[in-house]
Structures are given as C-alpha cells and as structure tokens.
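All remarks here apply to the structure that follows.
Where a number appears in this text, it was derived from the coordinates with a stated rule and is not lab data. Note that the coordinates shown come from a computational prediction; the quantities given were computed from them, not determined experimentally. Every residue, glycine as well, gets a Cβ built from its backbone with ideal geometry; the counts of neighbours run over all protein chains shown.
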Amino acid sequence: MVALPDPEPLNELIESLTKLPGVGKRSARRMAYHLLQYDREGAKQIHDALDHALNDLVHCKMCNSFSQEEICAICQSPRRDHSLLCVVETPSDLNMIEASHGYHGLYYVLMGKLSPLDGVGAQTINFERLLKRVFEYPVKEVILATNFTAEGETTAHYLGTVLKEQNIKVSRIARGIPSGSELEYVDAGTIAWALNDRRSG
C-alpha cells in the first residue's frame, strides 16, 4: 500500500520544523500534527512571536548578541566591568555564564565557530567585527570562553593568536572537575585537563 504524500502546506511546516536543532523528520511531523490538531492557538502564538522577534531584534553594536536597542542592557550597564571582554559562541552561552553570577564583565558573541570542514572560516564569522570592538571600546583582557569541542578549540586558538599579535592580554576559561562530582565517575580526559590546569592551593 502506497502512503499518500502530505499536503504541501503540511510538508512545508514539517520541513521548517526540521531546521530546529535535534529535530528529525519524525519529531517534526509529530509537532506539526499536534499544533494543527490540538493547539492551533499555540501555533498562532509561535507564529506571532517569531514574526515579532524577526522584525524587532537587531545585533547589539557592542556585543553582537540580540537586542531591541542599538546597544543592549548589559553593554550599557555602568555596574559591569568594562575592562573585561568574554568571547562566547552563542547567546545561549552568554546566558549560561550570566546564570552563574560569577562574571561581571562584558561579552562578545561570535554567533558561530570556526569549522573548516563545513566551510566556516574567519570571514564567515566576521572576526574583523570582534577586533573592531576590542579597539573601539578598549579592554584590559579578553577571555576566550568558546566550547571545548574541536571547533571551539580551533576558534579559541585562532582568536588567541590574532589578539596576542595585537598586544592584547588573552586568557582561556579552565577545564576541570565539575563541582560536587566524584573522580571515579569523571571521564579520563576531564581529569587530565584538570591536572594540566591545576593551580596552587
């Protein structure tokens, strides 16, 4: 028995949902059917919220994150330490650091990472904008807080090299044992990095 093709509007909705991270075709179809069958009001809210975000959000002139203003609230705050600049890959990474309440400097969001195999180079991410930020609003130290993936490490190495050539102090966030964890349950790679990044007590 041949399965009937989805109506074109439904197929477009399913294809659009697969663009979300971690959402495959089956999950996207399930979401689409749920929204259309049980929650049309929710579907309309998603539509309106997306439309509002796409039309009203811009990139902050200083940190490159999303903002409704030319300069976002964090960059405008006089309570932040403007001599520190923490470089992260995404706005989600920025939010995680903010949630820790352990950092009070400013940020720069790359909106990506170097991935030569995928054709993502320095031009694609526009590193020139970061350098412009560093010189237009001078800082004492740039903290590289990209992820500890192969791409994140490549990005941090590249940025560190470029910034040091401009005589800018650069540091990298440390890797280590998560708080509250026991060594026997921590992977060997994390333990190795924790030993390499050790500090005096």
Within the chain, percent of DSSP bridges classed antiparallel, to nearest 5: 20
Flagged links, alpha-carbon separation over 22 Å, of Lys19/Lys132; Lys113/Lys164; Lys25/Lys113; Lys19/Lys61: Lys19/Lys132; Lys25/Lys113; Lys19/Lys61
Within segment 80-172, percent of DSSP bridges classed antiparallel, to nearest 5: 10
Square roots of 5 times each gyration tensor eigenvalue, C-alpha, segment 1-111, largest first, Å: 39, 15, 12
Whole-Hz couplings from phi, Karplus 6.51/-1.76/1.60, listed for segment 87-96; x for Gly and Pro: 9, 10, 7, 9, x, 4, 5, 4, 4, 5
Extension gain (nm, one decimal) between Leu20 and Asp6, 0.36 nm per residue minus Cα-Cα: 3.0 nm
Dimensionless Rg ratio for segment 117-201, taking C-alpha atoms and the 2.2 N^0.38 Å reference: 1.34
Cut-off 13 Å between beta-carbons: net charge of the residues surrounding Gly152, Lys and Arg +1, Asp and Glu -1: -1
Shape category assigned to segment 8-56 from the gyration tensor of Cα positions, a/c cut at 1.5: oblate
Antiparallel DSSP beta bridges within segment 8-123, as percent of all bridges there, nearest 5: 40
Burial ordering of Arg198, Arg30, fewest other beta-carbon atoms within 10 Å first: Arg198, Arg30
For segment 142-156, 3J(HN,Hα) per residue [Karplus equation, 6.51 cos²θ - 1.76 cosθ + 1.60, θ = phi - 60°, Hz, x = Gly/Pro]: 10, 9, 8, 10, 6, 5, 8, 9, 4, 5, x, 5, 4, 4, 5
Calculated log₁₀ intensity ratio I(q)/I(0) where the Debye formula runs over C-alpha points of segment 35-98, q = 0.18, 0.20 Å⁻¹: -0.76, -0.86
Rounded FRET efficiency, nearest 0.05, which uses the C-beta distance separating Gln76 from Glu182 and R0 of 35 Å: 0.25
Long-range amide H partners of Val170 with built H, under 5 Å: Val142
Kirkwood Rh and Cα Rg combined as Rg/Rh, the chain: 1.06
Chymotrypsin sites (Phe, Trp or Tyr not before Pro) restricted to segment 110-191 and DSSP loop, no more than 15 other C-beta within 10 Å: Phe148
Within-14-Å neighbourhood charge of His47 [Cβ basis; K, R +1; D, E -1]: -3
